[in-house]
1. Decide, for the range 178-223, between rounded, prolate and oblate: order the square roots of the alpha carbon gyration tensor eigenvalues as a ≥ b ≥ c, take rounded if a/c falls under 1.5, and otherwise choose prolate if a/b is larger than b/c, else oblate.
2. What percent does the relative contact order of the chain come to when contacts are Cα pairs within less than 8 Å and at least six residues apart?
3. Name the shape class, rounded, prolate or oblate, that the alpha-carbon gyration tensor gives for the range 1-143, where a ≥ b ≥ c are the square roots of its eigenvalues, rounded holds for a/c under 1.5, and otherwise prolate holds if a/b is larger than b/c and oblate otherwise.
4. With every protein chain kept in place and ligands, DNA and RNA left out, what is the accessible area per residue of the range 82-138? Probe 1.4 Å, answer in Å².
5. Per the 1.4 Å probe, what fraction of the accessible area of the chain, in percent, lies on carbon and sulfur atoms?
6. Taking only the alpha-carbon atoms of the chain, what semi-axes of the equivalent ellipsoid follow from 5 times the gyration tensor eigenvalues under a square root, in whole Å, largest first?
7. Quick check: from the Cα gyration tensor, does the range 161-265 come out rounded (a/c under 1.5), prolate or oblate?
Amino acid sequence: MTAKSESWDTRLQRAEKLARDSEPTKEILTFYAKLLQSQKEVDEFLRSRRGWLPSGSLAEDLSVVRECFSIVLRTVEANGPAPLADDARSLMAAPGGTVDEMLLEYWRTPSDTQFFAKAFLQPYARWLAESGGHPLDRVFETTERLCPFCGGMPQVSFLQIREATSESGSRSLVCATCTTTWSFRRVACAYCDEERPTKLGYFHTPEYDHVRIEACDTCKHYVKGVDLTRLGFAIPLVDEIAAAALDVWAHEHGYIKIELNLVGL
Ligand SMILES: [Zn+2]
Ligand SMILES: [Zn+2]
């Protein structure tokens, strides 16, 4: 299985399995599984809308898209950590226009601290990509380090065997905004392009043998890498969250994550 065959369902099943298996991260994975369930419902709502496809202009699409925002709010209110649940309640009670503004701001300038907009717009952006659209009302830089579809930051990197003859595996990045994957140089920092091997460090623990920290000593940023050549059924977005212990190590060593994940790690 490769990241390409990932669906909301395969992510959800993986999160539920890891939540059952891992005591230290049970709580965050249980919450993430609920969140994935709500993202799946948003996806189904958008896809089942008759005679409608996302235009790529979120400002234009909001009249349809905002109808299902409450799915995410209700999920977080019921299952999220207390501060997020409070934020969900505030948003439910917020005057008209508040949510629209928040979503448009994220769409134009994605930020990993905009939890609700990021969680909610992932299925929208994903469906936009799959339905052949393009983001229209946002401007982004075109560089190998950013998502070629939407300009989003990499959430996680992964290695997979692309050809039967390739032994080492090729590296790809997963977009934090739309979950598109794109290939990236195997030995290079995904934040500043550093390519000197002496400046690039790796760290992993025996507990998560297939997940490692990929850190750069030039810009002090890191991303987690999931090695699908070691564990083929891993799901990069989910296994990255399960290996939360590695983030603690990275922070203790002064590294900054390129993009925080949806559980804020
Ligand atoms: Zn993207
Ligand atoms: Zn760097």
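The values are calculated or read from the model by the stated rules, or taken from the named source; none is laboratory data. These numbers come from a predicted model, not from an experiment. With ligands, DNA and RNA removed, areas are computed over all heavy atoms of the protein, side chains included. Shrake-Rupley method; radii C 1.70, N 1.55, O 1.52, S 1.80 Å.
1. It comes out oblate by the Cα gyration axes.
2. Working: 428 pairs, mean separation 47.8, N = 265.
Once normalised by length, the contact order is 18 percent.
3. On the way: a/c = 1.73, a/b = 1.25, b/c = 1.39.
Because a/c hits 1.5 or more and a/b fails to exceed b/c, the range 1-143 counts as oblate.
4. Per-residue accessible area for the range 82-138 comes out at 45 Å².
5. 53
6. Rounded to whole Å, the semi-axes are 30, 21, 18.
7. Rounded, since a/c falls under 1.5.
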